[in-house]
Amino acid sequence: ICTYVMQSKLLEYVPDNVLKILDTHDRMSDRAQALQKNHIKDEFFSCTNEDEGRYLSRADIVWARRDEETKFFNDTMGVNKAITVSHFSEPHYLNKNTKQLRSVGFLASDNNVNLKCVQEFIDAFVKNKKVMQSGIEVIIGGNIKNLLEQDTDRMEKIKDTNIKLVGKIPDLVDFYRMVDAVIV
């Protein structure tokens with residue numbers, strides 16, 4: 001099993017009698033252009049559609065996370081080798097009886113795509129006076145805090161609001177216990 005399309009070259013060194021699986025996470029075709037269009041600094045891998053098809057074709061099976069990605073990968077390769085494989089772990093539901101929405105959580109790692117999403121959410125939240133006055137607390141967890149703290153203008157904007165940055169959460173269950181709803 002190889003993770004990420006940009007590492008698929010490794011599969012060329014695996015003997016032919018071994019099943020080669022490429023575990024994808026995202027579409028990489030024209031990613032740089034999409035980020036540029038949305039004013040997001042590129043910090044990851046991007047390739048052409050043709051190159052992605054070639055990289056994907058190195059595997060016997062391609063795992064995608066969503067049906068839309070499966071279709072895209074199959075179209076890109078010109079062959080149906082991609083399948084949708086969701087997460088392997090069983091869901092663990094918390095036993096919570098929430099009658100009123102008091103807090104919402106936003107959990108994100110520290111990359112530029114997540115930064116843009118969290119920044120836009122914060123701007124919309126702060127701009128909505130009715131929501132701000134409702135008393136709903138927004139808890140932002142994960143290493144995204146490191147990038148947000150570099151944005152001094154936005155940090156000033158949220159200083160006296162119901163937005164709380166908690167940073168890295170050692171046990172995700174603790175984060176989900178803190179909130180009544182999650183923003184995805």
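Here are a few things to note about the model shown:
- Label-to-label distance for ARG65 and SER109 is 0.9 nm, based on points extended 7 Å past Cα in the beta-carbon direction.
- Charge dipole of the chain (Cα centre as origin; +1 on each Lys and Arg Cβ, -1 on each Asp and Glu Cβ, all else neutral): 700 debye, rounded to the nearest 20.
- The range 1-73 shape via C-alpha gyration tensor axes, a/c threshold 1.5: prolate
- Put simply, the amide H of ILE139, placed in the peptide plane, has neighbours under 5 Å in VAL104, GLY105, PHE106, LYS164, leaving out anything fewer than 5 places away on its chain.
- Think of the chain as a dipole: +1 on every Lys or Arg Cβ, -1 on every Asp or Glu Cβ, centred on the Cα centre; then among ILE158, ALA108, LEU11, ILE158 lies furthest on the positive end.
- For the range 87-182: rounded, prolate or oblate by the Cα gyration tensor [a/c cutoff 1.5]: oblate
- Couplings 3J(HN,Hα) of the range 64-69, computed from phi: 10, 8, 10, 4, 4, 5 Hz, in residue order, whole Hz [Karplus 6.51 cos²θ - 1.76 cosθ + 1.60, θ = phi - 60°; x for Gly and Pro].
- Simple spin-label estimate for VAL166 and ASP180 gives 1.5 nm between the two label positions (7 Å along the Cα-to-Cβ direction from each Cα).
- Centroid-to-centroid separation of the range 23-99 and the range 115-167 [C-alpha atoms, Å]: 28
- Accessible area of the chain divided out per residue, in Å², using a probe of 1.4 angstrom: 65
- Cα shape, the range 40-127, gyration tensor, a/c 1.5 rule: oblate
- Efficiency of FRET from Cβ geometry, ASN80 and GLU120, R₀ 30 Å, rounded to 0.05: 0.25
- Both the radius of gyration and Dmax for the chain are 20.1, 63 Å, in that order, over alpha-carbon atoms.
- For the range 134-145, the Karplus equation 6.51 cos²θ - 1.76 cosθ + 1.60, evaluated at θ = phi - 60°, returns couplings of 6, x, 5, 9, 10, 10, 9, x, x, 5, 4, 3 Hz by residue, with Gly and Pro reported as x.
- Bridging of LYS157 to aspartates and glutamates at a Cα separation below 13 Å is possible for GLU120, ASP123, GLU149, once same-chain residues fewer than 8 apart are set aside.
- Within the accessible surface of the chain, defined with a 1.4 Å probe on protein heavy atoms only, the carbon and sulfur portion equals 50 percent.
- Peptide packing: for 7-17, 119-129, the average count of neighbouring Cβ atoms within 10 Å per residue gives the ranking 119-129, 7-17, highest mean first.
- In this label model, THR3 and HIS92 are separated by 1.9 nm, measuring between points 7 Å along each Cα→Cβ vector.
The values are calculated or read from the model by the stated rules, or taken from the named source; none is laboratory data. Note that the structure is predicted; figures quoted are calculated from it, not measured. Virtual Cβ from ideal backbone geometry, glycine too; neighbours counted across all protein chains shown. Surface areas here come from the heavy atoms of the whole protein model, side chains and all, with no ligands, DNA or RNA. Shrake-Rupley method; radii C 1.70, N 1.55, O 1.52, S 1.80 Å.
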